[in-house]
Structure formats: structure tokens, C-alpha cells
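Worksheet for the structure shown next.
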Amino acid sequence: MKDEINAIKNDIKILAGDRNVTIVAASKMQTIETINELPEYGIYTVGENRVQELLEKYEPDSPLKWQFIGVLQSNKVKYIVDKVTLIQSVDSVGLAKEIEKQCAKRGIIMPILIEVNYGREPQKSGVLPENLYELIDAVTAFPHVKINGLMTVMPIGADEKMYNGMNELYNKCKKDYQKIDFKYLSMGMSADYRLALKCGANMIRIGEKIFGKRNYVK
């Protein structure tokens, strides 16, 4: 794990320059014992795709900061809002409304990223680019939900032009919504993080590159 993490950090230095980049360790199907080794190598942010796995792995006194990076169903929001520091996959007013409801109950504010389906893939979640501003406008009405940027999952084999286009959309949001703290562009995973870094990402979600191939056989 140490060598893999050092290689990622080296890529960040080369491709992102002085841009501050957050590595989110994607912990899907990893054991808590393995995940707990991350701080030893300077990684404190962990992203989980599934609510049940997050609940099984979450430890209140851990130095790790958990984020939710997968598809989130509204009826499961209540289980994680007091455990995560960021929800990366908000793509509808309905989901944002439920986050608002659950956070208001607890008196907390939840930072979120708006997920954009930049590749327009029908099987993927995310708001289409042309509907992004409408969603941002709606979410800003919720006092307990705080937009912190954008997230995307690019199509396999997407070219550099597409990554640059997503970065341009992110920068346009920053310019057009100066009262919103657009500080994160979460783009890039194990297979494409280098290209994402080259094209402006400052948050990358890395699973297999850190932990190795997942074993899907139980």
C-alpha cells in the first residue's frame, strides 16, 4: 500500500503542480483493518459506495473522515448524515430535500457535491449539464445543505476534451455563483486519475490503485 500511495502522490506533484489535491480512498469491499492503515501513509479521507458497508466500518473515535461517494437512496440518508463529512453524489432536489430534513433534525450542516453526468450515460446517475444550474438554485434554498463543488464519473475511455469540458463547467459555476464555496472538483478514479489531474481535478477517488484488485467472490 505504501508504494502505491507514494506513486499517486508523485503523480499529483507532477500533474497538479501546486494545486492542493485530496485523495479519497475508495473503500468498497475493503476490511476495516486495511482501511485503518491509511493514516500511516498520510491518507485520512475515505469514501464508501454503500450505506451498509459504511455503517459496518464507521468508528466514531477514528481519525478517518468518511465521505459517501455512491448512489444514495433518500430513505437511507438518515443513517449516514451524522457520520460523513461530505456527500459527493447529490443529483436531485428530492435527495437534497431529504438531506436537509435529516440535518435540520440534528442541527448540522452537510457539505455536498453535485454529481454531474457529463458523459450523458443513461445507466449512470448525475444531473445533466444543462440542468445543473436549476439544481444548484434549488439546493441553495436549503439552509442545512452546503454545496462544496461538483463530482463526476467519466465514461470509460473518455478523451481529454471531455475532462477539460467538465473543468470548464466547474470554473463557470465558481464564477457564476460567487457566494457558493465551489472548492472541489471530484473527478478521476484508479483508471483515469492522471488525466483528471491534468485537467483540473483537485479531489480523486482511488480504490484499486491503493488497495489492489477487489475480490468479488465471497
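The values are calculated or read from the model by the stated rules, or taken from the named source; none is laboratory data. Just so we're clear, the structure is a prediction, and the values are computed from it rather than from any experiment. Cβ placement follows ideal geometry from the backbone for every residue including glycine, while neighbour counts extend to all protein chains displayed.
Observations on the structure shown:
- Any hit, segment 180-192, residues being touching a Lys or Arg at 6+ places or on another chain (Cβ under 6 Å), surrounded by fewer than 21 Cβ atoms within 10 Å (Cβ to Cβ) and at pLDDT 95 or above: yes
- The number of residues in segment 28-47 that are touching a strand residue (DSSP E or B) at 6+ places or on another chain (Cβ under 6 Å) and either in a strand (DSSP E or B) or within 23 Å of L195 (Cβ to Cβ) (or both) comes to 4.
- Look at segment 39-53: where a residue is within 21 Å of D3 (Cβ to Cβ) and a partner is of a type in the set (F, W, Y), sitting 6+ places away or on another chain with Cβ atoms under 9 Å, you get T45/W66; V46/W66.
Yes/no per residue for (1) under 20 Å from the mean Cα position of the chain (by Cα); (2) over 23 Å from G47 (Cβ atoms); (3) outside any loop (DSSP other than H, G, I, E, B); (4) of a type outside the set (F, W, Y):
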{"position": "C103", "(1), (2), (3), (4)": "yes, no, yes, yes"}
{"position": "I108", "(1), (2), (3), (4)": "yes, no, no, yes"}
{"position": "L113", "(1), (2), (3), (4)": "yes, no, yes, yes"}
{"position": "G119", "(1), (2), (3), (4)": "yes, no, no, yes"}
{"position": "Q123", "(1), (2), (3), (4)": "yes, no, no, yes"}
{"position": "E130", "(1), (2), (3), (4)": "no, yes, yes, yes"}
{"position": "A138", "(1), (2), (3), (4)": "no, yes, yes, yes"}
{"position": "I147", "(1), (2), (3), (4)": "yes, no, yes, yes"}
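- Segment 140-165, subset within 18 Å of P122 (Cα to Cα) and touching a residue at least 40 places away in the same chain (Cβ under 8 Å), residue surrounded by the most Cβ atoms within 10 Å (Cβ to Cβ): M151
Listed here are the residues, each with its yes/no results for (1) within 19 Å of M1 (Cβ to Cβ); (2) free of Cβ contacts under 8 Å to residues at least 40 places away in the same chain.
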| position | (1), (2) |
| --- | --- |
| Y170 | no, yes |
| C173 | no, no |
| Y177 | no, no |
| F182 | no, yes |
| Y193 | yes, no |
| G207 | yes, no |
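- Among the residues here, E134 does not qualify as acidic (D, E), in contact (Cβ under 8 Å) with a residue 40 or more places away in the chain and either part of a helix (DSSP H, G or I) or surrounded by 14 or more Cβ atoms within 10 Å (Cβ to Cβ) (or both).
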